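Scroll down for the structure; my scribbles are underneath it.
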Amino acid sequence: MMPTIRIGILFALSMALVACAGTGGRVSQVTGWNYNFKAGNAFRGPSPATLTPPGMVLIQGGSFTIDDTEDYETATHRARPNELNTRKTLSVNSFYMDKHEIRNIDWREYIAWLTAVYGKVAPEKIEAARPDMNAWRAGMGDNEPFMVDYFTHPSYDQYPVVCISWEQAAAYCKWRTDRVNELLLVKAGVLPAPDFNAIAMLTTLDEVENAVFSSERFFSADNQYQSRNYTGMFVSFRLPSEAEWEYAAYARKPSDPANKVYAYPWNPLPIDKLTAVQRAQLKAHYNRSNESGSRVDVFSRTVPVNANVPNDLGLYNMAGNVNEWVYDQFTTRGNLNRIDSVDVLDTFLPDYHRIPNARVYKGGSWNDAQFWLHPSARRYHDPRKGSNTIGFRCAMSIVQR
């Protein structure tokens, strides 16, 4: 068998692994590329480009003030804002945010692309991008099946990818930016579709890097296309800032009354005032294994990214399922003793002040108590390490044209 044909078949097989049953379609929700590349690498049936990035929703910017004298209704009790690490004022510009958390199938698409491009010249790039599934063992010895199957089995395609470090998530955002912009230029006839068979024949990393599309290089001063204007090109995908994430979790809209601040997408009322349906929605988001009479197997792991009720902005699982990385490096919000709930941090995160360059994560997870589901609750983790409770979603700034 000729090397080119063999490489083409291997790539087709790798992409077939991505396009498993239950994906909800053959087109990637996060890049717009078809999963079913042929050996010749021509994509089929492209969808027209839109102004909204694939998989995202528009979040209208705004601000609101939280009075220090005001209490908030959480799921179980009335809580002072300082107890929940809540800022007095949140203000953000309009931006885009992923409707769902990044899924296992999205990350497998990423791994398949890296394999097709770097498998010969830089296999370490592929290994560096793989989730550290050993994180499923952290304090949970019964998770061996999850360590083996969670990322690779088609049954978990629509589940959020976990065990991803902050650094890996940031690298994914850059890769997604390049793939989405590349597709726009291919559709516009500016660039040819990438020829992965030809790329696979290259022998050095520099040759490969020059052969694959890069948004940064495309718009550099020495690029022949730099002076041309391509309407619809996207700025970089990135992790949301903590302020953006928190604002989106509260799901405020410019038309909302000033006193509408929902801590959770289902209702701002304490649990004893929720309807049976609302109570069930609440309990689907967090670890209640310690509650009296609860069944540990009712909700003991993650759920699909489109499960549960979205908030008023159409964002799913901003409370529960998995925690989510945000861009910010951890710094205290003002006076540590007053605002950052030191008693809580010392209990749950005794090494918080010893982690260099720690990054913030938010949202609460399947393995957390209700407290951490509040939008203002914040924790931090080593940016080089993943966790079986942390995933992420991407954001994008809006540039006025």
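Please treat every number below as a calculation from the coordinates, not as lab data. The model shown is predicted, which means the values in this text are computed figures rather than measured ones. No Cβ is skipped: glycine too gets one built from the backbone with ideal geometry, and neighbour counts run over all protein chains shown.
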Given 166-173, 189-196, 115-122, the highest-first ranking by average Cβ count within 10 Å works out to 166-173, 115-122, 189-196
In nanometres, the difference between 0.36 nm per residue of separation and the alpha-carbon distance of THR89 and SER220 is 43.3 nm
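Once fully extended, how much extra length lies between MET233 and ILE398, figured as 0.36 nm per residue of separation less the alpha-carbon to alpha-carbon distance? Working shown, then result.
On the way: separation 165, 0.36 × 165 = 59.40 nm, distance 1.15 nm.
Taking 0.36 nm per residue and subtracting the Cα distance, the gain is 58.2 nm.
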By the mean-Cβ-within-10 Å protection proxy, highest first, 306-319, 100-113 rank as 100-113, 306-319
Checked against a 30 Å limit on the C-alpha separation, the offending pairs among LYS120/LYS174; LYS187/LYS385; LYS253/LYS385 are LYS187/LYS385; LYS253/LYS385
Amide H neighbours of ASP328 at under 5 Å, excluding residues fewer than 5 places away on the same chain, with H built from the backbone geometry, are GLU242, VAL360
Taking 0.36 nm per residue of separation between ARG130 and HIS153 and subtracting their Cα-Cα distance, the length gained on full extension comes to 6.8 nm
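Sort 146-152, 243-249 for me by packing, meaning the mean count of neighbouring Cβ atoms within 10 Å per residue, highest on top. It would help to have the intermediate numbers written out before the result.
Details: 146-152: 17.4, 243-249: 23.9.
Ranked by mean Cβ neighbours within 10 Å, highest first: 243-249, 146-152.
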